Amino acid sequence: MNKQNLMSRRQFLKTALATSAAVLPVTSVLASSASAPARVQSEITIITSGWPLTPMPTAEEIEADKARAGYAEALQTWLDENPGVTFQQVEVNIWDQQAIVTAISGGTAPTYVFPTSIGGWTNAGARNAFVQGLMADVGPAIEKYGLIGKLTPGALSGWQPINEIGDAYMSFPIDSGMDVFHYRRDLLNELGIEEPPLDWTWDDLIALAKALTAEGRQGLAAPTWMAEAILSDHGFDILSQVPSPQNGWNWMRDTSDPKWVELLTEYRKLVFEDKAVYSDVSYTTDNFTNAFVNGAVGLMRTNVLGAFGSAAQENSMAAMANRIGKPYEEVIGFRGIPRGDNGYFSNPIYVGGVAIGPDTNDETLDKALGAVDYMFLGAGWDLQKAGQYAATQDLQAVFNYPIPIDGKYTYEGVPGAFEDAWGQRTKDDILYYAGLPKAPDEALYMPVEQNPGPDNQAFEDAWSTINYVADEVDPAAVLKQAQDTWNSQAAGFSSSVDDAAFIDGAKTYYEALDAFWKDASPEFYESTFKPWYDSKVLPALG
Amino acid sequence: MTQIELRNIVKQYDSQDQVTLTGYKGEPALNRINLTINDGETLSVVGPSGCGKSTLLKVIAGLEYPNSGQVIYSGHDFTEIKPQDRGVGMVFQDYALYPTRKGRGNLSYFFEVHQRTEEEEQARIKATADLMGVDFDLLLGQIPDTLSGGQKQRVAIARCIVRDPNIFLMDEPIVNLDAKLRERTRIEIKKLLRQFGITTIYVTHDQQEAIFMGDRIVVMRKGNIEQVGTFDDLYYSPANLFVAQFIGTPPIAVIPAVIENGQIAIETTRWMLPPDIALPNGAVRVGVRPEGWRLDTDDGISMAVRHIERIPTERAAFVIGAVAGAHTSIVAPVDYPMREVTRVTPDWEQALFFEAEGETVLHTPGVPDLF
Amino acid sequence: MAERTIPGGQTEEAIQAAPVESAPLRLSRRSRIEKWMFIIPAALFQLVWGWFPLVFAFALSFTDARVRGPISFIGLQSYTRMWGDPLLGEAFRVTFIYAAMSIVLTFVIPILVAVLLMEMPPRVMRWMMLLWFLPLSGIASTILWKYMYNPEYGLMQGIVRLLGLPEQRFLNDPNLVLFWLIFPGILLFGPGLIYMAALQGIPSSYYEAAEVEGAGFWRKIWTISLPRLRPVISMMLTFAIIGSLQEFYWPQIMSGGGPGSASRTVVMYLYNLWGNLRFGDSTTVAIFLFAIIMVITVIYRTFYKEDPDA
Amino acid sequence: MALFPKVGRNQPRMRAAWWVLVIFLCGGVALHLFPFFYMIALSVTPAHEALSPTPVIWPKEPTLAAWRLVFELTTRTSMDTAVRDLMSFPFYVYLSNSLFMALMTLLISLPVTSLAAYANSKLQRGPMARWSFLFFIGTLMVPGVVTLIPSFLMTRNFPFPLPSAPLIPGTDDPFPILRIWDTPWAVIIPGVFNAFNFLLFKGFFDTIPDSIIQAARVDGGSEFNIFRRIVFPMSIPVYAVASWLQFGSVWDSYLWPLVVFQTPDRIPTSVAISNLMNRFIQAGSTSAQQAAAQTASMREILEAGLSWNGLMVLGLLQTIPIFIMFIICREYLMRGIRLRGLK
């Protein structure tokens, strides 16, 4: 019996070994061949990770969610016009910088990528990544689809300077957002506080935050980057940076203006003394929205998109308005970024674009952007909206993009307009901010940098310290340290741009700035820009 | 039937403290060993621990391959042959039973890996069990962990003989048994060996055992063979001081002395040497076995007696004390009375002479011609 | 001892001279290949997936590699650049503090608990052990602690309030953020099982002998349990040092390195560089870290004797 | 059972000390179990209660809503598309991916690693043994992220750690490559040799007396046969420990599978679950741009009603298989670990 057992066990092991030895290479070859040819079933395959377009929904999905019928119909129409194209869904986190950079490095990026996540959430980083070949040039498609003509002047000025690099374009615009402060209009009325004007200032904002602070309620909900935002809303981005062509890296940071320290001190006072700010390093938009709709904060800095969520969602602002039983515009108000007390302002609108993975061939690129153009800026958009309306009969669900880059606030097949869903005041306010002029962007004037430079980590650390550290913190020291750190990091880098070209570019850039601010805000120009320009920039440029 | 020959065997230790990343440090475990084991003979290997005796056994078994030298089995060079083809059976100090196999499984592993038929396996196991005694069948059904030391030992020996080996190799097989069992097992093994008449190498650190088991005895120290011979050879004609001191219990007394014109002096006491012992003048050391003394002699040297160890079973006693500062044991009648000091004289015919410094033997009495 | 007599009256030379036939061919010879059959599969995998990427990464540190495009050799530029980066120094400082704290806070407790657990009757011990070692998925503990540390509604704040202590800002407090990151590890009782296994191997006679000599509870721990655990402790300490110097995922998820740079470890820093497309620089940082780990390990192992009997 | 004297346990002082010890250990166990309890408690807490300023220990109104939601989420049976969209496939797809990867890794890795450890412990001798030991465990000192990119590129173009295979000199054809990227093998194969398990195995094999193996050699087994028939049956406990550790690490790994998988139905549960979690709990955004991107991503997850309670359910789901593995292996854990230091 012993023997018998042993033999069979031995045989079993042998068989198992032989099988796994045989199966291993076969499976891996099969698996690899399965992944490769799946992509070439048709002539052109557009690979998406679910943004901005999803593959054709299945019949079952359309059945389950009628609102998708509109999307399906629109996409099908486009697919019929473009035979041989298919969409394929992949699981790549295009919002995670490291994940998408890894994918690009291995040639596995999807067709659609998000430019700023590749660039570390800064436009400069995104441009640098583009120059390094991490995204394809979408210029030909922009020309082919006549995109520039379709954009409103506001959207164009928000998008073009950042995305035009030499003769090339980094991304294809699809939607836009805006940084705003939402406030509880009903609460203001209740407390008898006057609503801030459209061109409010930071002093107005701080006063309002304090006024709204009460037992069980904090005045202002602020994200991590609030401290940074205050400075840049006073012109920090322009004024803290000085050209230094004589160095290896052509820029230096200079935060010596006492103004910045004053602003930070004031903000910290608001946070730690007045306890008027609702903020934490771990909070997400969810926490803010939750607190806002539950009345725990009165004023909140968010993206305007967050306010136009469907009323079906429990903690959306629309749902809150319904709960209170008043029209939306009487409950929720918003203001754009306040002007600095010296008159500096920035246009709060940004335009989001879709970029194309670098390993995409021309034909696929053309089709991929054609689909985006059709679905977001062409007839496809109207078809989607009509379908959505047919399914939901809910205007708020249809008009959930408050700042259309093509300026269209009505859709064919949808009875009603944006203002019917969200109120006239809402729309007017948006249009006001969209119409603000945009200051000249460095990118349009300076030669393109090929080398990586120091990243913004030093300053991000400073902002995070200022925002969250409750104990004794000296903003002046923090700022100084960030500046010194950045400058000593910069000493390790060298620029690909030669000094003469750099100086030429910088001169035109600063001249443009000079002209813009003289015209747009004489107050800021006289009090801040001109003295700084004369004392810091001109000597540096020789 | 096998005769084994070792030629110039050198083997380095592989244990961790001897190995560095670049090579070995320390002396080799076996240092140019030459040895012949005759067909059918039982050879005991003794030596203090760490002398390389187990390594020697493993080199013979093929469990260790020598760094240089040859292992020759009946005139064939087996140096590089694997142990399984040398036809050896081996018993280990810790028995080395396969812990997950029952007694029978321990015995049958040999047959499994040699693709023997089941009939042969059964027959051999049965024959072995018969040989090992009446209750041995019971042990075959048990897991080693449940067996006592003696039972494990029996299974280990059975595992060794079940294959009908050409050579037995035993590495301190009974050292882990208690004294009584050790005695019995020793006899059993001896009986088995005689029954088979197989070439056997028996490693032990116990000289009694070595004497009992071995036709000849090898004394090893630090990787060298000090002497090979029968017990009498080692006892009466040791090759050097080490062997003389190692063999014999109680050990030989080594006493400094001076030779002067046929006379020998220990401290201030002088004797005439027998005429057949011709040694040059100068300092020597005298080795005297416990039975090589005469007690209570008139011309003797005084000996401080420390105590007397009586062994009634042997009808003898050992008088233990110091002669000229050297530790000395002397055989005496069992009823020898206790006294503080006694006078003793070496029996010069039986005495050994060594250099004053070093280990070289100057004179040995030679094996006594008993018959 | 050259002229040693060999039984049979032959001299050494005579034996050497005797002719020897080689062994019959059917006998199997010592095979040097056989053991390589055991090693080769693992060696191949280790070479290809263990060492090769490492060497490649090392090579990258001498280049200006940035994801795509041509790579050129820039010598030690990355090294000088990273050497002059104040943030890297800060990251190293944080890493050392983190490593030191986590070793102090999380290393001793498991040993002690293991020693004490061995005191329980076997049945009780088995149950307790089972409960102590119930594993919690890392992903799950991330979400749990993220919630617990919420300074507003998290349980930790509740406990702080209950104890009447001033409200804590937990992960927002630059002085305590490292402590709060390590804190969950104190509860986890990591490698205690390994110590228990080692303790099991100590013969009870050691303790009995100590008892005879009048050793009390703590003395037995100090003179028997701990010395016997020494090799294992030494090894676990080596791993703890290496592991805590490489800490990355947990602070990345929990605090994102903040506030400021108060919890940004070296590996987080190099991961950020990599995200910023500076592959060459990020591998340079890795080389720095690797060198430091090597140095610490070598120093520590030189001064720490493993064997209690040595 | 050794620290307390065997006699005199009934003395009041001893008894008191004993009970202090028992209470201390029970307290420790309770503290250790608390996270499990708390996850369960939170999973039955209504979302609004989980966010209320007073911390929850046990919900006032327990509800199974989160379990229901996750059940619908993981089975894709929900009528609500927002819920359905959070996961593109039913949970069992991810579960079987994870199980395949984890078990396949064990199946290949344990033999490979343990054979090498055995050879290093029992077959290799002298300086060679030291060198190969260092060769095998040397990579333990390297942070994983350092080799992430080269390893990732190798899964694409094995054996080249480059974005694309180089051309054969003098031709226009690239070198042939093996691509395991986006297949389960990309997780399995790099994990085949596991340095820590190597140590574990070596520690165990070092304690097996040489004489047992020597006896088997004298008996005539080939080295492999000895390993299989004699050593392996003795070593079940260490295999159990190694399986447990490796199963846990493959099961819970996130970064690597995130990088090597793209096809949605091939990802393991760890990625599926932690992607969802990360969208919810990621540390605050550092810029307005990122905030905007997160807002969009968050909007989806909130619309589906997933909140802390649902995440806790997902966390528990992720823990269960590790749990089961632990229960299976627990008998052997104590016997299998015989680490003896890094010598």
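The values are calculated or read from the model by the stated rules, or taken from the named source; none is laboratory data. Quick caveat, the model's predicted, so the values are computed rather than measured. Cβ coordinates were reconstructed from backbone atoms using ideal geometry, including for glycine residues, and neighbour counts include every protein chain displayed. Accessible surface areas use protein heavy atoms only, side chains included; no ligands, DNA or RNA. Shrake-Rupley method; radii C 1.70, N 1.55, O 1.52, S 1.80 Å.
Could you tell me the largest-minus-smallest coordinate of the C-alpha atoms of chain A on each of the three principal axes, in descending order and whole angstroms?
In descending order, the Cα extents are 93, 62, 61 Å.
Can you list the lysines whose alpha carbon sits under 26 Å from that of residue A:66, skipping same-chain ones fewer than 8 residues off?
Hits, sequence-local ones excluded: A:385, A:408.
Treating only the Cα positions of region B:249-371 as identical point scatterers, give the base-10 log of I(q)/I(0) from the Debye formula at each q in 0.11, 0.15 Å⁻¹.
Cα-only, vacuum Debye calculation for region B:249-371: -0.37, -0.67.
What's the FRET efficiency of residue C:302 with residue D:224 using the Cβ-Cβ distance as r and R₀ = 41 Å, to the nearest 0.05?
Efficiency at R0 = 41 Å is approximately 0.60.
Would you mind finding the longest exposed-site-free stretch of chain C, with exposed GluC sites (Glu not before Pro) meaning DSSP loop and at most 14 other Cβ atoms within 10 Å? Display every interim value, and only then the final one.
Values: sites that count: C:3, C:167, C:213.
Free of exposed loop sites, the longest segment is C:4-166.
Taking Rh as the Kirkwood radius computed over C-alpha pairs, what is the Stokes-Einstein D of region A:64-132 at 37 °C in a medium of viscosity 0.692 mPa s, expressed in µm² per second?
Working: Rh = 14.2 Å.
Approximately 231 µm²/s, per Stokes-Einstein.
Report, to the nearest whole %, how much of the accessible area of the protein assembly as shown belongs to carbon and sulfur atoms, 1.4 Å probe, protein only. Intermediate results must be reported in sequence, preceding the final value.
Values: 36270 of 62120 Å².
Heavy-atom surface of the protein assembly as shown belonging to carbon and sulfur, 1.4 Å probe: 58 percent.
Which one, A:481, A:411, B:313, is farthest towards the positive end of the dipole of the protein assembly as shown when Lys and Arg carry +1 and Asp and Glu -1 on their Cβ?
Final value for the positive-end residue is B:313.
If you build the convex hull over the alpha carbons only and average its shadow over all orientations, what do you get for region B:4-241? Give it in nm² to one decimal.
Projected over every direction and averaged, the Cα hull of region B:4-241 covers 14.1 nm².
Over the Cα atoms of region D:68-343, what Rg and Dmax result, in angstrom?
23.0, 75
Using the beta-carbon distance between residue B:195 and residue B:347 and R0 = 51 Å, what value does 1/(1 + (r/R0)^6) give for FRET efficiency, to the nearest 0.05? Please list the in-between numbers first.
Working: r = 41 Å, r/R0 = 0.80.
E(calc), rounded to 0.05, equals 0.80.
In nm, to one decimal, how far is the modelled label at residue D:323 from the one at residue C:80, with both set 7 Å along Cα→Cβ?
For the pair residue D:323/residue C:80, the computed spacing is 5.9 nm.
Work out the FRET efficiency for residue B:77 and residue B:145 from their Cβ-Cβ distance, taking R0 = 41 Å, and round it to the nearest 0.05.
For R0 = 41 Å, the calculated efficiency reads 0.50.
Compute the Cα gyration tensor for region B:182-221, then decide on rounded, prolate or oblate, letting a ≥ b ≥ c be the square roots of its eigenvalues: rounded whenever a/c is under 1.5, prolate when a/b is larger than b/c in the other cases, and oblate in all that remain.
Oblate, because a/c is 1.5 or more while a/b does not exceed b/c.
Roughly what % antiparallel, to the nearest 5, for the DSSP beta bridges in chain A?
70 percent
What residues have an amide H closer than 5 Å to that of residue B:79, excluding those fewer than 5 places away on the same chain, when H is modeled at 1.01 Å from N in the peptide plane?
It is B:71, by chain and number.
Checking the cross-link filter: which lysines have an alpha carbon closer than 18 Å to that of residue A:275, excluding same-chain neighbours under 8 positions apart?
A:210
What percentages make up the Cα-Cα pair-distance distribution of region C:180-231 when the bins are 5 Å wide from 0?
Pairs per bin, as whole percents: 5, 17, 22, 18, 14, 11, 7, 4, 2, 0.
Among the aspartates and glutamates, which fall within straight-line cross-link reach of residue A:530, defined as a Cα-Cα distance under 17 Å, with same-chain neighbours fewer than 8 residues apart omitted?
The qualifying aspartates and glutamates are A:237, A:254, A:257, A:341, A:511, A:514, A:519.
Taking a threshold of 18 Å on the Cα-Cα distance, which of the pairs A:259/A:518; B:58/B:191; B:102/B:190; B:152/B:180 fall above it?
Listed pairs above 18 Å: A:259/A:518; B:58/B:191; B:102/B:190.
If one takes the longest principal axis of the Cα atoms in chain C, at what angle in degrees, from 0 to 90 and to the nearest 10, does the Cα axis of helix C:177-188 lie?
Taking Cα atoms only, the helix is inclined about 50 degrees.
Using heavy-atom solvent-accessible surface (probe 1.4 Å) with all chains present, what is the largest-first order of A:382, B:135?
Descending accessible area places them as B:135, A:382.
Please go through region A:163-249 and write out the GluC sites (Glu not before Pro) that DSSP classes as loop and that have at most 12 other C-beta atoms within 10 Å.
Filter output for region A:163-249: A:194, A:215.
What distance in nm separates the simple spin-label points at residue A:77 and residue B:21, each placed 7 Å from Cα in the Cβ direction?
Those two pseudo-labels are separated by 7.2 nm.
Rounded to the nearest angstrom and ordered from largest down, what semi-axes does the equivalent ellipsoid of the protein assembly as shown get from its C-alpha gyration tensor (root of 5λ)?
That gives 83, 35, 32 Å for the three semi-axes.
Roughly how tilted is helix C:226-245, in degrees to the nearest 10 and between 0 and 90, from the longest Cα axis of chain C?
So the helix axis and the longest Cα principal axis differ by about 50 degrees.
Please work out the average accessible area per residue across chain C, using the 1.4 Å probe convention, and give it in Å².
On a per-residue basis, chain C sits at 44 Å².
Please report, in whole Å³, the volume per residue of the convex hull around the C-alpha atoms of region C:77-303.
158 Å³
Find the Rg to Rh ratio for region C:112-228, where Rh is the Kirkwood radius over alpha-carbon pairs and Rg uses the same atoms.
Rg/Rh for region C:112-228 comes to 1.13.
If I model a spin label as a point 7 Å beyond the Cα along the Cα-Cβ vector, how far apart are those points for residue A:361 and residue B:116 in nm?
Each label point is offset 7 Å from its Cα along the Cβ direction, giving 7.1 nm.
For region B:329-346, just list the computed ³J(HN,Hα) in residue order, Karplus coefficients 6.51, -1.76 and 1.60, θ = phi - 60°, integers in Hz, with x standing in for Gly and Pro.
10, 9, 6, 9, x, 4, 9, 4, x, 6, 8, 5, 9, 9, 10, 10, 10, x
What shape does region A:421-465 take by its C-alpha gyration tensor, where a ≥ b ≥ c are the square roots of the eigenvalues and a/c under 1.5 counts as rounded, a/b above b/c as prolate, and the rest as oblate?
Working: a/c = 4.14, a/b = 1.75, b/c = 2.36.
Judged from the Cα gyration tensor, region A:421-465 comes out oblate (a/c at least 1.5, b/c at or above a/b).
Please arrange A:77, B:42 by accessible surface area, largest first, computed with a 1.4 Å probe and ligands excluded.
Accessible-area ranking of A:77, B:42, largest first: A:77, B:42.
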